[in-house]
Amino acid sequence: MDDKMKILLCEDDENLGMLLREYLQAKGYVAELCADGDAGLRPSSRQSSISACST
Amino acid sequence: MAADDGTVYSSFELKTFAIKPANVPKAMILRTDKNSISEASKSLQEIVRNRYVYQKALLDEVVYNILYTASDKPLKERINFKLLDRDIKVELMNNGINIPYHFRVETADGREVYRCPDYSEEGEEYTYKKELFRNDPSPKMGVVKIHFPNMSSYIFSSVRFMIPAVVFTVVLLITFIFTIYIIFRQKRYTEIKNDFINNMTHELKTPISSISLAAQMLNDDAVPKSPTMLKHLGTVVNDESKRLRFLVEKVLQMSMFDKQSVSFKKKELDLNELLENIASTFSLRVEHTGGHIYTEIEAVDSAIYVDEVHFQNAITNLMDNAVKYRKPDQPLDLYIRTWNEKERLCFSIRDTGQGIKKENVKKIFEKFYRVHTGNVHDVKGFGLGLAYVKKIITLHEGDIKCESELGKGTTFTVSLPVLKETS
């Protein structure tokens, strides 16, 4: 399994978003943070994205 | 009259007939000769003719008597008043009207001819009249007028039994309408409450997740524990727990609404100082948007006697709103002004934010009210802030009003009683 899985993160809360991204990066994933669903839907160099959404 | 060709016509004349019908022969003895048949038939014809004419004249005379002779007599003599009274009584009884009545008889031009013996003028507003001798030419016509002194009470008494029913129906209707109104209001309250609970759950969960995530990261060995990382995590825990506390306090403030008597710990404060302090705590956030806070202190008497905690909360709320509801991509400018007016101390907070639509402006101070923006939850809030602010200001004998223009900005103006310096 490709260790560098790309994760698209949509989280409107800044603090939590940044924290999650750092955590995921520390865990070895490439995480990309978007502020909301719209920004996340815009195609931005996707390769094998797995989305993680927040509540 | 009989003409020669046998036609009979009648004419009108007054004369008395000497020939009485009895004198007309009823039978004839015929002689048996040729001419007697025709003669007999002729005389029979003659007899019939005479009879007819006599009867016609009789009828004419009777009619003539009725038409002319009768009306020559004055009204008084033509009517038997006792009979009239009795007839009226009987007729009314037949129709089920047995209340006392008074009547009088008049000529067509209003001259009174007769009135009943116990006549009284009571109830004369509703007089019924009827012509007597309808066939008379109109100047000679008589009129009988009847009125009932107790008419209104009679009519009323027959309706009276219905009044409790009507009253009851009206009461029922009012109760029904009231109930429906209450039901709709309750429904609205329930909706609001559910919205509030959902919103609050979401709002509270977020800082809790942040803190637990930071804690998890601290425990996880995979995360490098560099000093920057540690500092970062520490900041997050700090910030989020502050946020959590702030939110919980806000909700606790709500309990104030239900408690009737709130104990204030009032002390003397200087409004100018207070505003400047709070403004400085917001300056970072305002400058972050590219804007600036402008404070114009023009009040000379600025001492107020207020509960520090609550009052600070209220002002913080107002400024917080200004920052929250700013125009998303544009710098926010805040103008804070204090001045004295007519023995009172006034201050205003003006922002260059989104503004509020005119129809919403008067509703914003309502508990739980938030301007409806559909499903866009870009601004986090419970809808409690302004209701709390208004309550605090009012309890301090002040008042607050809001002016806004959609797209331009909002201004909140507060006026408070000023504490007079007693030296």
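Quick note: the coordinates plus some simple rules give every number you see, no bench work behind them. In this text the structure is predicted, and so the values were computed from the model without any measurement. We place every Cβ from the backbone using ideal geometry, glycine too, and count neighbours over all the protein chains shown.
In peptide A:23-29, what is the residue-averaged number of other protein chain Cβ atoms found within 10 Å of each Cβ?
Mean number of neighbouring Cβ atoms from other chains: 3.
Hey, got the average number of other protein chain Cβ atoms within 10 angstrom for residues in A:10-20?
Mean shielding by partner chains, rounded to a whole number: 5.
Out of B:Asn313, B:Gly291, B:His232, whose Cα points farthest toward the positive end of the dipole of the range B:226-318 (charges: +1 Lys, Arg; -1 Asp, Glu; placed on Cβ)?
With unit charges placed on the Cβ atoms, the residue in question is B:His232.
Please work out how much length the chain gains when fully extended from B:Leu67 to B:Tyr128, using 0.36 nm per residue of separation minus the C-alpha to C-alpha distance, in nm with one decimal. Intermediate results must be reported in sequence, preceding the final value.
Working: separation 61, 0.36 × 61 = 21.96 nm, distance 2.69 nm.
Stretched fully, the B:Leu67-B:Tyr128 segment lengthens by 19.3 nm.
Enter the Cα centre distance for the pair the range B:52-68 and the range B:314-370, rounded to the nearest angstrom.
Computed from Cα coordinates, the inter-centre distance equals 107 Å.
Considering lysine pairs in the range B:219-331 that are 8 or more places apart or on different chains, how many have Cα atoms under 20 Å apart?
The number of close lysine pairs in the range B:219-331 is 6.
Using θ = phi - 60° and the Karplus relation 6.51 cos²θ - 1.76 cosθ + 1.60, list the HN-Hα couplings for the range A:15-26 in order, rounded to whole Hz, with x at every Gly or Pro.
Taking θ as phi minus 60°, the curve returns 4, 4, x, 5, 4, 4, 4, 5, 4, 5, 5, 5 Hz for the range A:15-26.
How far apart, in nm, are the 7 Å Cα→Cβ label points at B:Ile180 and B:Arg86?
Each label point is offset 7 Å from its Cα along the Cβ direction, giving 6.2 nm.
Hey, with R₀ at 41 Å, roughly what FRET efficiency would B:Val171 and B:Thr235 work out to, going by the Cβ-Cβ distance, to 0.05?
0.05
Pairs on different chains or at least eight residues apart, Cα atoms closer than 28 Å: how many lysine pairs in the range B:106-198 fit? The partial results should precede the final answer.
Working: B:Lys129/B:Lys140; B:Lys129/B:Lys145; B:Lys130/B:Lys140; B:Lys130/B:Lys145.
Value for the range B:106-198: 4.
Only loop residues by DSSP count here, and only those with at most 11 other Cβ atoms within 10 Å; note down the GluC sites (Glu not before Pro) in the range B:244-345 that meet that.
Qualifying residues, ordered by number: B:Glu343.
What's the FRET efficiency of B:Asn94 with B:Tyr54 using the Cβ-Cβ distance as r and R₀ = 45 Å, to the nearest 0.05?
Efficiency computed from Cβ-Cβ geometry: 0.60.
If the viscosity is 0.890 mPa s and the temperature 25 °C, what translational diffusion coefficient in µm²/s does Stokes-Einstein give for the range B:173-213 when Rh comes from Kirkwood over Cα pairs?
Calculated translational D: 197 µm²/s.
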